[in-house]
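The values are calculated or read from the model by the stated rules, or taken from the named source; none is laboratory data. If you're wondering where the values come from, they're calculated on a predicted model, not measured in any experiment. FYI the Cβ positions are ideal-geometry reconstructions off the backbone, even for glycines, and counts take in every protein chain you see. Ligands, DNA and RNA are excluded from the accessible area calculation, which covers all protein heavy atoms including side chains. Shrake-Rupley method; radii C 1.70, N 1.55, O 1.52, S 1.80 Å.
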Amino acid sequence: MGERVLVTLDGTVADANVPSLYADDIGALRGDGVFETILVRDGVATALEFHLARLRRSAQALELPEPGLSRWRSAVELAVKEWGSDEEAMLRLIYTRGRDSEFDAPRSELAPQEPQPTAYVLVSPVPARVATVRAEGVKVMSLARGISVDLAQSAPWQLLGAKTLSYATNMAALRFARRMGADDVIFHSTEHKVLEGPRSTVVIARGKELITPPAKSGVLPGVTQRALYNVAEKAGWECKYRTLFTADLFDCDSIWLLSSVTLAARVNQLDGIRLSAPDNAQEIIDMVDLGIDRPGTIGDW
């Protein structure tokens, strides 16, 4: 096992420490591409079919060529095998529109030269912060995203709900939060409706009820959240997709930021107010763990 593993869709295992991305790749120039991040646990890429389904939907939103999911499955299988360890890892699927120069190249009937997307799988160690966040939770601050919940439906070209490479705003929000002494962020709309975290889905718990904002609000459908709901529903929890206001974050038993690698991070402080762990905190964590190991079927999405 090396420090990182890089596999392209043609089945080539490349040296991850050797430059392999063209300087004019549109993903690098404009963030014009999509990605998925998957937890590798016990030699398995968890909830893979959910991630592939979301990759396809994101690609469709950007009008990228059909991803060809069978090739992605094969590349993931090879990358996990090359990783060669039962230690957890972070696996990324990267899919961009390709080289900018290919779009400007002259074409003819004899040599159509269709632009080729860039596509690869990258496996790397799980960041050290993940273990701490899972065990201790996170300090969070709420930040305005500066958009209305109506924007996703009125302006589909904004690509809200697609997992694109254009993450500069999300990273800026996290840096701002850290300067303010927080670990993470919960975005809200101009109507003070809860949206999502820069890299997570927001779920609140009230008694035996779990609530997350609906996708129509422009949030990215969460793979880990869906996996949790699949398990929780069978365990007698009531699982809802419902609009939440920022005030609801202070009127619940617990707040969770769910993501594919960190899994379940309990919010232990919000906007400077400490939040105690509920009695059922471990039950929720256990349901998330079980959910990603047994995510159900795409029909449950």
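Laid out as a table, the results:
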item: The chain: relative contact order in percent, alpha carbon pairs under 8 Å with at least 6 residues between; result: 19 percent
item: For segment 21-157: rounded, prolate or oblate by the Cα gyration tensor [a/c cutoff 1.5]; result: oblate
item: Cα-based shape type of segment 1-45, given that a ≥ b ≥ c are square roots of the gyration tensor eigenvalues and the cut on a/c is 1.5; result: oblate
item: Cα pair count fraction exceeding 38 Å, expressed as % - the chain; result: 14 percent
item: Relative contact order, percent, segment 22-157 [alpha-carbon distance under 8 Å, six or more residues apart]; result: 27 percent
item: Gap separating the Cα centres of segment 203-241 and segment 26-61, nearest whole Å; result: 21 Å
item: Estimated inter-spin distance, Lys81 and Glu191, nm [label 7 Å along Cα→Cβ]; result: 5.0 nm
item: Whole-angstrom gap from segment 72-105 to segment 150-179, using each part's C-alpha centre; result: 23 Å
item: Cα long-axis angle, helix 223-234 against the chain (0 to 90 degrees, to the nearest 10); result: 50 degrees
item: Additional length obtainable on full extension of the chain from Thr132 to Ala277, 0.36 nm per residue less Cα span; result: 50.6 nm
item: Nearest-10 value in Å² for the accessible area of Glu3, using the 1.4 Å probe; result: 140 Å²
item: Relative contact order [Cα under 8 Å, 6+ residues apart], segment 153-301, whole percent; result: 22 percent
item: Bins of 10 Å, starting at 0 and running to the largest distance - Cα pair percent for segment 206-301; result: 15, 50, 31, 3, 0
item: Burial ranking of peptide ranges 47-56, 71-80 (average Cβ count within 10 Å, highest at the top); result: 47-56, 71-80
item: Between helix 168-179 and the chain: long-axis angle, C-alpha atoms, 0 to 90°, nearest 10; result: 40 degrees
item: Folded to 0 to 90 degrees: helix 69-83 orientation relative to the chain principal axis, Cα; result: 80 degrees
